[in-house]
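Colleague: This structure is in structure tokens; I'll ask about it shortly.
None of the figures in this text is laboratory data; all of them are computed from the coordinates on show. Note that the structure is predicted; figures quoted are calculated from it, not measured. With ideal geometry, Cβ positions are generated from the backbone for all residues, glycine too; neighbour counts draw on all protein chains shown.
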Amino acid sequence: MNILIIGSGGREHALAWKISQSPHCEKLFVAPGNAGTSQVAENVALRVDDFSGLGRFCVDRQIGLVVIGPEVPLVKGLRDYFEAQPDLHNIPIVGPGHSGARLEGSKDFSKAFMVRHGIPTAQARTFTAAELDEGLQYLAGQQPPIVLKADGLAAGKGVVICATVAEAQQELREMLGERKFGDASAKVLVEQFLTGIELSVFILTDGKDYVVLPEAKDYKRIGDGDAGPNTGGMGSVSPVVFADSTFLKKVEQRVIEPTLSGLQQENIPYRGFIFIGLMNVKGEPFVIEYNARMGDPETQSVMSRIDSDWVEVLSACAKGELAGKKLKISDEFAVTVVMAAEGYPGDYAKGQIITGLASTTDARVFHAGTRQTDEGVVTDGGRVLAVTGKGASLDEARQRAYRTVAGIHWPGAQYRKDIGLDLINFGK
Ligand code: AMP
Ligand code: GLY
């Protein structure tokens, strides 16, 4: 069958790499893709929110499966658009419609959903701009640190952890009063701070049945030792040592199963990934957030550990036929190190020529922000590459990833040196 992946990051390159290995995949397209996806698929110059262009492309190329990578087309309702068109409504899609994507698109919705279905999560209250004074008063009675969350999509920047009440009050004024994040901060959640260790669990579901993917930990801060500002993610590791079978059983029983039965009770159809961001608080799982998609750079580590025919699994999800499907998961470790442009997550330059890409043997290089030019592959985003090493141990996987990273160059390239180190030292 012909397959279209929508998106252009490291996540989409990893999905394309995995999908291209399946005998069921005839022709693979990525819209818009990057220099890496063009090695395993054909890039299509269509934006992720060009719904009519994507629809016409699917008809012209007889696409038999669409996989939606990023959140924006999900929340904007790409699936709903396809379902409303007579010539598109039969095309199987991995990715929920607008109603399901609210799990990610509205933190107010997802918090209320968790409360309705008894899913463990931090306590929170939502305030609108009209309720700013009430919010400021409420903050005065809270114990710092205090977590503020913009309700809508804010490109990963909408969560602010405040060390004092005064800082939280100032932040609330900016978010609600001054619309710091535009309409995304028309509502703001004030949330209890949870202390623990974070990890992410992913499922692929057709709304009735599901498969659990390998879990992963990501590294959100720019600097070693979790210093500096938040980013989209600077690295990932799978498996996660502290997610033992007892903990994962609790996640299935207390989080995954009530999430799916909640969606069913509320008549929200859902075919796609659910990314569950968790805090492990003394062995008990609490949900920090849902995403309606896979994570980036978690996907690069997760795909590297899946041994099943990935197209069979994705296709079954998109057609509502996941019942009885099992995933084959490798016991090996995967470590992904993101290489970013100088200045990221602030302003950064584009167009730097990348050298050393051909000399990789130990690890797989997934492209994120890259572009093919006549002079070679150049940087074209903040996060540029994601390098994934595999090994029988975490240490071996790390060494393989870092050996490859050391051979890749462009002016100002930066990466964290400590991806996975905390897990090697865990419990020691
Ligand atoms: P999010 O954008 O929802 O992934 O949140 C960004 C980061 O903020 C998370 O990865 C956590 O590190 C942190 N965070 C979010 N909510 C909480 C919470 N209730 N308690 C502690 N940390 C949190
Ligand atoms: N790495 C975090 C995310 O994709 O949301």
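Colleague: Rounded to the nearest 500, what is the 222 nm mean residue ellipticity of the chain from helices alone, with -39500 (n - 2.57) per DSSP H run of 4+ residues and division by all residues?
Modeller: After summing the helix terms and dividing by residue count, I get -7500 deg cm²/dmol.
Colleague: Still on this structure, I have one more. Taking the Cα centroid of region 365-400 and of region 404-428, what is the distance between the two, rounded to the nearest whole Å?
Modeller: The distance from the Cα centre of region 365-400 to that of region 404-428 comes to 12 Å.
Colleague: Over all directions, the average projected area of the alpha-carbon convex hull for region 62-182 comes to how many nm²?
Modeller: 9.3 nm²
Colleague: What pairs from Lys220/Lys350; Lys111/Lys282; Lys157/Lys220; Lys76/Lys325 go past 19 Å between their alpha carbons? Intermediate values should be presented prior to the final figure.
Modeller: Numbers: Lys220/Lys350 22 Å; Lys111/Lys282 22 Å; Lys157/Lys220 11 Å; Lys76/Lys325 30 Å.
Table pairs above 19 Å Cα-Cα are Lys220/Lys350; Lys111/Lys282; Lys76/Lys325.
Colleague: In a GNM of the chain with a 10 Å cut-off on Cα contacts, which of Arg398, Arg271, Arg47 has the highest mean-square fluctuation?
Modeller: With Cα springs under 10 Å in the chain, the top fluctuation among Arg398, Arg271, Arg47 is at Arg47.
Colleague: If you don't mind, there's one more thing I want to ask. Which of the three applies to the chain, rounded, prolate or oblate, going by the alpha-carbon gyration tensor with a ≥ b ≥ c and a/c under 1.5 meaning rounded? All intermediate terms of the calculation are to be shown ahead of the outcome.
Modeller: Values: a/c = 1.38, a/b = 1.18, b/c = 1.17.
Note, shape of the chain comes out rounded.
Colleague: Further question: Report, by chain and number, residues whose modeled amide H sits under 5 Å from the one on Glu289, excluding near sequence neighbours (fewer than 5 apart, same chain).
Modeller: Under 5 Å from the amide H of Glu289: Gly277.
Colleague: So what's the net charge close to Gly389: Lys and Arg +1, Asp and Glu -1, counting the other residues with Cβ under 11 Å from its Cβ?
Modeller: Neighbour charge sum, excluding Gly389 itself: +1.
Colleague: Right, something else. Excluding residues on the same chain fewer than 8 positions from Lys187, give the aspartates and glutamates whose Cα lies under 17 Å from its Cα.
Modeller: Hits, sequence-local ones excluded: Glu104, Asp108, Glu131, Asp133, Glu134, Asp151, Glu171, Glu174, Glu178, Glu289.
Colleague: Counting Lys and Arg as +1 and Asp and Glu as -1, what is the net charge of the other residues whose Cβ lies under 10 Å from the Cβ of Lys27?
Modeller: Here the charged neighbours net out to -1.
Colleague: By average Cβ neighbour count within 10 Å, what is the ranking of 292-298, 173-179 from highest down?
Modeller: The densest-packed peptide leads the list: 292-298, 173-179.
Colleague: Where a ≥ b ≥ c are the square roots of the eigenvalues of the C-alpha gyration tensor, would you call region 288-327 rounded, which needs a/c under 1.5, or, failing that, prolate if a/b is larger than b/c, or oblate? Please report the intermediate quantities before stating the final value.
Modeller: Numbers: a/c = 2.38, a/b = 1.36, b/c = 1.75.
Because a/c hits 1.5 or more and a/b fails to exceed b/c, region 288-327 counts as oblate.
Colleague: Pick from Thr379, Thr404, Thr195 the residue whose mean-square fluctuation is largest in a GNM of the chain, springs joining Cα atoms under 10 Å.
Modeller: Per the Cα network of the chain with a 10 Å cutoff, Thr195 tops the list.
Colleague: Also, I was wondering about something else. Students often get this wrong, so check it: of Lys27/Lys217; Lys217/Lys250; Lys208/Lys326, which have C-alpha atoms separated by over 21 Å?
Modeller: Listed pairs above 21 Å: Lys27/Lys217.
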